[in-house]
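Below is one structure, written out as structure tokens, with a few remarks after it.
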Amino acid sequence: MPQHNGGDLLVALLRDLGVDTVFGVVSVHNLPLVEATGRDLRFVPVRHEATAVNAADGHGRARGGIGCALTSTGTGAGNAAGSLIESLATGSRVLHVTGQIDSRHLGAGRGYIHETRDQLGMLRAVSAHAATVPDAARAARVLRDAADQLLGPAGGPASVEWPIDLQYAPQDPAALPAARPTPPPVRPAPD
């Protein structure tokens, strides 16, 4: 039996969220995610990251659920920014998972294969929630936190940047934390 990796962990989360279709750009920085979603769900390849987010947004809205977009790192994540702003402005629920360079090179500023200075800062500016998978042991928690944000009352996109070496790291999809209880919607006080 093959070893599970980050792609299998993402599939487990998406199934838990009721997501059966993922839109994205195939890249060397997201292959484990693309391969797993293509094998176990429906992966729709697109030619531009903005298209991936727009398609995920529309698909999620049309189904009354969450959309999912996969993008590449650096310029690819930047290409998704305008579409993420649309999702942020409307409160639509889009899980945006973008690749990232090898974790050992993060923050070094050496221009390592599509490295973008402060990619996380850019994602925070255009998403309701943004986080980095810091190591393989915390990947499941980072994904669940993003999902919990999506399911909260405010909505909006949640972006996760995932270093490629950590996507390939062994994972146990059964170890995905349970969803936190969704808080009730805030209602205005009666006059």
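The values are calculated or read from the model by the stated rules, or taken from the named source; none is laboratory data. Because the structure is predicted, anything quoted here is derived from the model rather than measured. Heads up, the Cβs are rebuilt from the backbone with ideal geometry, glycines too, and the neighbour counts pull from every protein chain shown. Areas reflect the complete protein model, heavy atoms only, side chains present, ligands, DNA and RNA absent. Shrake-Rupley method; radii C 1.70, N 1.55, O 1.52, S 1.80 Å.
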Fill in the blank from the handout: Expressed as a whole-number percentage, the relative contact order of the range 1-96 with C-alpha contacts under 8 angstrom and at least six residues apart is 29
Handout entry: Point-charge dipole on Cβ atoms (K/R +1, D/E -1) for the chain, about Cα centre, debye to 20
Key = 200
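Among rounded, prolate and oblate, which fits the range 1-125 when a ≥ b ≥ c are the square roots of the eigenvalues of its C-alpha gyration tensor, a/c under 1.5 means rounded, and a/b larger than b/c means prolate? Walk me through the numbers before you get to the answer.
On the way: a/c = 1.97, a/b = 1.16, b/c = 1.70.
Here the range 1-125 falls in the oblate category.
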Practice task
Whole Å is fine, so just give me how far the alpha carbon centre of the range 141-184 lies from that of the range 28-97.
Solution key: 15
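Evaluate the relative contact order of the range 6-168 (contact order divided by residue number), counting alpha-carbon pairs under 8 angstrom at least 6 apart; express in whole percent.
24
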Completion exercise
Taking placed amide H atoms and a strict 5 Å upper bound, the residues 5 or more places from GLN100 or on another chain that come that close are TRP162, ILE164
Handout entry: Unit charges at the beta carbon, dipole of the chain: most positive-side option, ALA147, GLY6, PRO163
Key = ALA147
Problem - Of all accessible heavy-atom area on the range 6-168, the percent that carbon and sulfur account for (1.4 Å) - result: 51
Practice task
Express the C-alpha Rg of the range 1-50 as a ratio against the empirical globular expectation 2.2 N^0.38 Å, rounded to two decimals.
Solution key: 1.10
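Among all stretches of the chain without exposed trypsin sites (Lys or Arg not before Pro) (DSSP loop, at most 11 other Cβ atoms within 10 Å), which one is longest?
Between exposed loop sites, the widest span is 118-191.
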Problem - Computed helical MRE - 222 nm, the chain, DSSP H runs ≥ 4 contributing -39500 (n - 2.57), nearest 500 - result: -12000 deg cm²/dmol
